[in-house]
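First the structure, in the form of structure tokens, and then the observations on it.
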Amino acid sequence: EQDPEETGGLYAFTAHAGSRYVMVYNRAYRVYFINNVALPLENRYRYYFKVRRDESPEDEYYHSEYGQVAEQLEYFVNPDGAEFRYEGWSYSQDRYKEFKPSSAIYRKTYLYAYYKDNVKEVDDARKELEDAIKEAIRVSDDHFLKQEESGKLKEAVEEALEVLDRENPRATAGQLEEALEKLKEKTEPYEKILDDRYNHYDDIQDNGNKGGNKGGGGSGSGSKQNPFNTKRPESYTLGTNGNWVEISAPEGGERQMAFVLNGGMRLSGMWAWIKYPTDGNGNISDRTGWYHFNDKGIMETGWIRDESGNWYYCNTEKEGRFGKMQTGWRHDGADGNWYYLIPEGGAMATGWRKIGEKWYYFESAGAGVYAYDPVEGRWSYGGGSGKPLGSMYKNEMTPDGCSVGDDGAWIQ
């Protein structure tokens with residue numbers, strides 16, 4: 001018997017004249033075994049042999065060829081941390097459709113090394129850990145935590161980030177889940193601590209320490225404008241939630257104050273209503289009110305412009321109500337003008353405003369005569385003939401043609 005694979009498809013025999021010959025043959029098909037998944041790349045695999053139509057790879061005739069199919073890599077982890085476990089040869093690359101060696105072959109056949117993976121589980125675990133890290137950072141930054149407490153939680157965050165940021169390969173699902181559980185275990189106690197402290201804070205507020213909607217004396221009609229504040233609680237009680245601390249100022253600089261919470265964090269980048277304890281007769285201290293803190297946590301004084309472009313004035317007197325936001329009428333000694341700070345919110349008035357029974361007009365355009373001094377950290381009057389924003393008109397005509405008297409009131 002001649003093997004066409006060895007003879008190049010040629011078949012030789014002795015023929016006799018006058019005889020009739022019929023050639024019968026079986027068509028053969030290639031059976032491919034392919035592994036294009038395994039890593040590293042040297043574990044990729046490709047091999048084939050031919051099987052005649054209606055015969056199977058495990059038939060005795062193909063014992064040698066089928067016996068040369070190599071064992072495949074049983075387990076590997078890809079660069080993204082997903083684990084792959086070998087299931088067997090499959091007719092499909094996308095789902096496991098088991099190859100049966102005893103099945104007859106009727107066409108060219110491709111068989112793929114099929115691996116079951118946990119790519120989705122890794123992605124889900126990574127997302128959970130990312131969310132837990134964000135939550136832990138939020139908790140660690142809470143101003144009601146003490147510095148030592150915040151520091152310990154930040155260390156736990158760093159440990160979790162080390163797992164999350166691993167490369168070549170990235171962390172597996174098991175490693176991510178382990179890091180997630182550790183971080184949750186370290187975060188939960190501080191969440192409980194914060195719950196207790198916020199509940200205590202709320203109890204204080206419910207007992208009369210809220211002050212977010214209060215302002216100074218005086219009255220005037222117009223739209224209500226509230227001071228800018230962040231999402232943090234806007235009311236703090238001196239001695240309960242925190243205390244004033246004097247900060248070392250630059251050489252030759254003025255006195256600087258910060259309000260430091262019990263956790264060691266300064267109030268910063270916000271307006272805060274500071275509540276002073278009542279005296280022995282239950283009277284509210286005149287120091288209770290709104291105070292503004294810059295991004296470095298330093299209490300600001302003088303003219304202040306917030307993120308919305310509104311202007312406020314905080315007391316510059318070194319004693320007494322130092323730093324407290326003023327409301328009502330204010331005469332500025334630097335530029336000699338009168339200003340009106342709206343009692344409801346403290347914002348500087350512009351345009352027409354009825355105060356009491358009289359109407360007054362306050363400059364609404366401004367000539368840019370105030371400039372910010374980065375060294376002093378405040379707005380200062382620079383002189384000039386222009387009219388400052390918010391300054392009251394008196395003994396002159398308003399832009400819309402109305403006359404106002406020496407006291408600034410509209411002459412009707």
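A few points about this structure:
- Single match in Lys116, Lys120 (criterion: part of a helix (DSSP H, G or I) and loosely packed, with under 15 Cβ neighbours inside 10 Å): Lys120
- Restricting Tyr91, Tyr86 to those that are among the hydroxyl-bearing types (Ser, Thr, Tyr), in the same structural domain as Leu111 (by TED's automatic domain parsing), over 30 Å from Asp3 (Cα atoms) and crowded, with 16+ Cβ neighbours inside 10 Å reduces the list to Tyr86.
- Cβ-Cβ under 6 Å pairs, at least 6 apart or on other chains, segment 259-281 side not assigned by TED's automatic domain parsing to the domain that holds Cys314, far side surrounded by fewer than 18 Cβ atoms within 10 Å (Cβ to Cβ) and not hydroxyl-bearing (Ser, Thr, Tyr): none
- Restricting Lys146, Lys134, Lys100 to those that are surrounded by 13 or more Cβ atoms within 10 Å (Cβ to Cβ) and either at pLDDT below 95 or more than 40 Å from the chain's Cα centre (by Cα) (or both) reduces the list to Lys146.
- Residue list for segment 70-84, filter: assigned to a loop (DSSP other than H, G, I, E, B) and touching a residue at least 12 places away in the same chain (Cβ under 8 Å): Ala70, Gln72, Leu73, Glu74, Asn78, Pro79, Asp80, Gly81, Ala82
- Condition met for Gly328 (at pLDDT 95 or above and within 24 Å of Met299 (Cα to Cα)): yes
- Segment 378-412, subset part of a strand (DSSP E or B) and hydrophobic (A, V, I, L, M, F, W, C), residue modelled with the lowest pLDDT: Trp379
- Hey, Arg46 charged (D, E, K, R) and modelled with pLDDT of 95 or more or not: yes
- Test: Val163 is in contact with a Gly (Cβ under 9 Å, 6 or more places away or on another chain), β-branched (Val, Ile, Thr) and over 30 Å from Glu55 (Cβ atoms): no
- Residue match in segment 41-52 (condition: surrounded by fewer than 10 Cβ atoms within 10 Å (Cβ to Cβ), free of Cβ contacts under 8 Å to residues at least 12 places away in the same chain, assigned by TED's automatic domain parsing to the domain that holds Tyr66 and in a loop (DSSP other than H, G, I, E, B)): no
- Under the condition of being at pLDDT 80 or above and within 18 Å of Arg321 (Cβ to Cβ), the residues counted in segment 217-244 number 7.
- In segment 80-93 there is no residue matching the filter, namely being more than 27 Å from Arg170 (Cβ to Cβ) and of a type in the set (Lys, Arg).
- Pairs with Cβ under 6 Å, 6+ apart, first in segment 140-159 and over 24 Å from Met270 (Cα atoms), second of a type in the set (Lys, Arg): Ala156/Lys186
- Selection within segment 168-177 - touching a residue at least 12 places away in the same chain (Cβ under 8 Å) and on the phi < 0 side of the Ramachandran plot: Pro169, Arg170, Ala171, Thr172, Ala173, Gln175, Leu176, Glu177
The values are calculated or read from the model by the stated rules, or taken from the named source; none is laboratory data. Everything quoted here is computed from the prediction, not taken from an experiment. Positions of Cβ are backbone-derived with ideal geometry, glycine not excepted, and every protein chain shown enters the neighbour counts.
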